[in-house]
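Accompanying notes for the structure given below.
What follows is calculated from the coordinates using simple rules that are stated; it is not laboratory data. From a predicted model like this one, the values you see are computed outputs, not experimental measurements. Heads up, the Cβs are rebuilt from the backbone with ideal geometry, glycines too, and the neighbour counts pull from every protein chain shown.
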Amino acid sequence: MGIFEAILLGILQGLTEFLPISSSAHLRIASELLGIGDAGAAFTAITQIGTEAAVIVFFWRDIVRIIGRWFQSLGGKRVARNDPDALMGWWIILGSIPIVVLGLLFQDAIDTTLRSLWITATMLIVFGILLGIADRVGRKELSIEQLTWKRGLVYGLAQSLALIPGVSRSGGTITAGLLMGYRREAAARYSFLLAIPAVLGSGFYKLFKEIGEPSGGAPMSMTLVATVIAFVVAIVIIKFFMSYISKRSFMPFVIYRVLLGVVVIVLLSTGVLSAEGGTTVAQASETAHALSVGGVL
């Protein structure tokens, strides 16, 4: 991976992390089209540190308030244990448990088998349709303050599905939120806050693991370049997305997911893409030529 690929993948990570279209799927597909094979689960996890840093910046006041009131509620004196912000702290902790447990149990499969592009394409289509159904039938009545431990756990289980490329962390949790009756912006807001512990934990775990035992994927220098780029782009995207969903439906994302999944299946069926990683030299050359003609290079 060179500097061009790192910048392009960083932009792609920042653009797609918070939209319900699966950033891991886009990185996986783009890596193949660029002829560099699978950039790897470590690359994806580490670059997500950049996008989560953008969440922390964007929701800084909320995060500081939630953490502060959660700590104050532990003694039960200055803040009541049923304070909405204190409870939010507990629900985020509870909702983070499923993805931590499942991530550790299925780490090998997540790094290998589940990164097959056949699985990615299928998940893009299936969960795109589920998002469309949830957006259509969801009551959209509940606010984020009406979260309960049971609903928080459902959110957490939905988030854990994002361990499979193509599902989408925001897509899975927002779909669950809509089906439970939450408003679009409430579902998205909690989705972003819930992702912070899991994404940062996974990202730094992969980062330290790569430093100690390099996986042979993307060079660390290029991974860090992509991470910084992802942070800058993500700040703009979060603001856009929160404004967009307060007024419009998720249908454009649903259509995009299904179309992308179908295109990937066609490319896999015709041999243009390799399901397990590693496009041929000829395919890489053809891809580079196509990008050049299109004005990308």
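Residues whose amide H comes within less than 5 Å of that of Leu147, counting only those at least five positions distant or on another chain, are absent (H built at 1.01 Å from N in the peptide plane). Within the listed set Asp62, Asp135, Asp85, the Gaussian network model of the chain (springs between alpha-carbon atoms below 10 Å) gives the highest mean-square fluctuation for Asp62. Rounded to whole numbers, the Karplus 3J(HN,Hα) couplings from phi for the range 7-14 are 5, 4, 5, x, 4, 5, 4, x Hz, using 6.51 cos²θ - 1.76 cosθ + 1.60 with θ = phi - 60°, and x at Gly and Pro. Sequentially through the range 99-109, phi angles give Karplus couplings (6.51, -1.76, 1.60; θ = phi - 60°) of 6, 5, 5, 5, x, 6, 5, 10, 4, 5, 5 Hz, Gly and Pro residues having no value and appearing as x. Within the listed set Leu161, Leu200, Leu268, the Gaussian network model of the chain (springs between alpha-carbon atoms below 10 Å) gives the highest mean-square fluctuation for Leu268. Computed from Cα positions, the angle between helix 23-33 and the longest principal axis of the chain comes to roughly 10 degrees. Pairwise Cα distances in the chain exceed 34 Å in 19 percent of cases.
Its Cα centre serving as origin, the chain has a Cβ charge dipole (Lys and Arg +1, Asp and Glu -1) of approximately 1380 debye. Scalar couplings 3J(HN,Hα) for the range 110-127, obtained by applying the Karplus form with A = 6.51, B = -1.76, C = 1.60 to θ = phi - 60°, are 5, 7, 10, 4, 6, 8, 4, 5, 5, 5, 4, 4, 5, 5, 4, 6, 4, 6 Hz; x denotes Gly and Pro. By the beta-carbon count within 10 Å of each Cβ, the least crowded to most crowded order of Val272, Val167, Val266, fewest first, is Val266, Val272, Val167. Note on the chain: with a GNM built from Cα contacts shorter than 10 Å, the maximum mean-square fluctuation among Val100, Val137, Val232 falls on Val137.
Here the label points at Ile211 and Gln146, each 7 Å from Cα along the C-beta direction, are separated by 4.5 nm in the simple model.
The H on the amide N of Leu142, modeled in the peptide plane, is under 5 Å from the matching H of Tyr182, Arg183, each at least 5 residues off or on a different chain.
With runs of 4+ DSSP H residues as the only contributors, calculate the mean residue ellipticity of the chain at 222 nm using -39,500 (n - 2.57) per run, divided by the residue total and rounded to the nearest 500. Walk me through the numbers before you get to the answer.
Values: 13 runs with 217 residues, N = 297.
The per-residue figure over the chain is -24500 deg cm²/dmol.
In the range 3-293, taking the dipole from charged Cβ atoms about the Cα centre, the farthest positive-side position among Tyr244, Tyr205, Gln146 is held by Gln146.
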